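J.: Before we start, here is the structure in question, set down as structure tokens.
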Amino acid sequence: QQQVKQSPQSLIVQKGGISIINCAYENTAFDYFPWYQQFPGKGPALLIAIRPDVSEKKEGRFTISFNKSAKQFSLHIMDSQPGDSATYFCAAHSYDKVIFGPGTSLSVIP
Amino acid sequence: NAGVMQNPRHLVRRRGQEARLRCSPMKGHSHVYWYRQLPEEGLKFMVYLQKENIIDESGMPKERFSAEFPKEGPSILRIQQVVRGDSAAYFCASSRESLNTEAFFGQGTRLTVV
């Protein structure tokens, strides 16, 4: 079965630090890679997304790095804040399939 | 511009009853997806629908579960004869184009089977 592997499962970062979450996929047909942020009791919210034709995308404090040959991509949160404490999911999409990673619980401590 | 609307937000059903979950996509979106999330777990794809068509239902259990997205009205996820294992959060997402484009999630329906 196709998987998207995500690590770490949980992450504790000090305020102002960099949070890094990694994902790896298997199927080369995937061509859209979003990251979602989810707070307890809420639906996932699209944070940032990338396509394989670029190696990096930055939006504010959030950056996706993408390594097509290694089939890996990562989310970097710069200057992490307590308000960033949430669960983060990566996903890999093709035109007719989507697989989510199992999630990373991020805690940013003051 | 309203987002993806799901109702009800919370639903309690006794074992054996039917559960109907509704999802109204964002305006201009004709692609709808349903996901299930168990506590402390990730999202599991269930079904992908376009107006009046099921595109992919590979993630949906073969029995008791069905989904539709009629020409008019919301998408419906229907669970017949619910069991305790169906207790979960069910999320709907919608997109303007196909599955590999920007999608927006609703707030979910939390189903509890007692």
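The values are calculated or read from the model by the stated rules, or taken from the named source; none is laboratory data. Note that the coordinates shown come from a computational prediction; the quantities given were computed from them, not determined experimentally. Cβ: placed from backbone, ideal geometry, glycine included. Neighbour counts: every protein chain shown. Accessible surface areas use protein heavy atoms only, side chains included; no ligands, DNA or RNA. Shrake-Rupley method; radii C 1.70, N 1.55, O 1.52, S 1.80 Å.
J.: For chain A, compute Rh as the Kirkwood radius over C-alpha pairs and then the Stokes-Einstein diffusion coefficient at 25 °C and 0.890 mPa s; write the answer in µm²/s, rounded to an integer.
T.: D = 176 µm²/s.
J.: Could you work out the local net charge near B:MET5, counting Lys and Arg as +1, Asp and Glu as -1, over the other residues with Cβ closer than 11 Å to its Cβ?
T.: Result for the local shell: +3.
J.: Additional query: Could you compute how much accessible area chains A and B hide from each other, both sides summed, with a 1.4 Å probe? Nearest 100 Å² is fine.
T.: Accessible area lost upon association: around 1600 Å².
J.: In bins 5 Å wide, starting from 0, what share of all Cα pairs of the protein assembly as shown does each bin hold, as a percent?
T.: Percent of Cα pairs in each bin: 1, 7, 15, 18, 18, 16, 12, 7, 4, 1, 0.
J.: Which of rounded, prolate, oblate describes region B:5-57, given a ≥ b ≥ c as roots of the alpha-carbon gyration tensor eigenvalues and a/c under 1.5 marking rounded, otherwise prolate only if a/b is larger than b/c?
T.: Here region B:5-57 falls in the prolate category.
J.: If I take every Cα pair under 8 Å that is 6 or more residues apart in chain A, average their sequence separation and divide by the length, what percent do I get for the relative contact order?
T.: With pairs under 8 Å counted, the relative contact order is 37 percent.
J.: Exceeding 21 Å between C-alpha atoms, which entries from my cross-link table qualify? They are A:LYS15/B:LYS44; A:LYS42/A:LYS71; A:LYS15/A:LYS42; A:LYS68/B:LYS44; A:LYS5/A:LYS97; A:LYS42/B:LYS62.
T.: Checking Cα-Cα distances, A:LYS15/B:LYS44; A:LYS42/A:LYS71; A:LYS15/A:LYS42; A:LYS68/B:LYS44; A:LYS42/B:LYS62 exceed 21 Å.
J.: Residues with beta-carbon under 15 Å from that of B:PRO74, excluding B:PRO74: net charge, scoring Lys, Arg +1 and Asp, Glu -1?
T.: Neighbour charge sum, excluding B:PRO74 itself: +4.
J.: Next question, about the same structure. Normalise the Cα radius of gyration of region B:48-114 by 2.2 N^0.38 Å (N = residues in it) and let me know the number.
T.: 1.18
J.: I would also like to ask the following. Rank A:LYS71, A:LYS58, A:LYS97 by mean-square fluctuation in a GNM of chain A with C-alpha springs under 10 angstrom and give only the top-ranked residue.
T.: A:LYS97
J.: Now for a different question. Per residue, what volume in Å³ does the convex hull of the Cα atoms of chain B enclose?
T.: 97
J.: When chain A is modelled as a GNM with alpha-carbon springs shorter than 10 Å, which of A:ALA70, A:ALA91, A:ALA49 fluctuates the most?
T.: With Cα springs under 10 Å in chain A, the top fluctuation among A:ALA70, A:ALA91, A:ALA49 is at A:ALA70.
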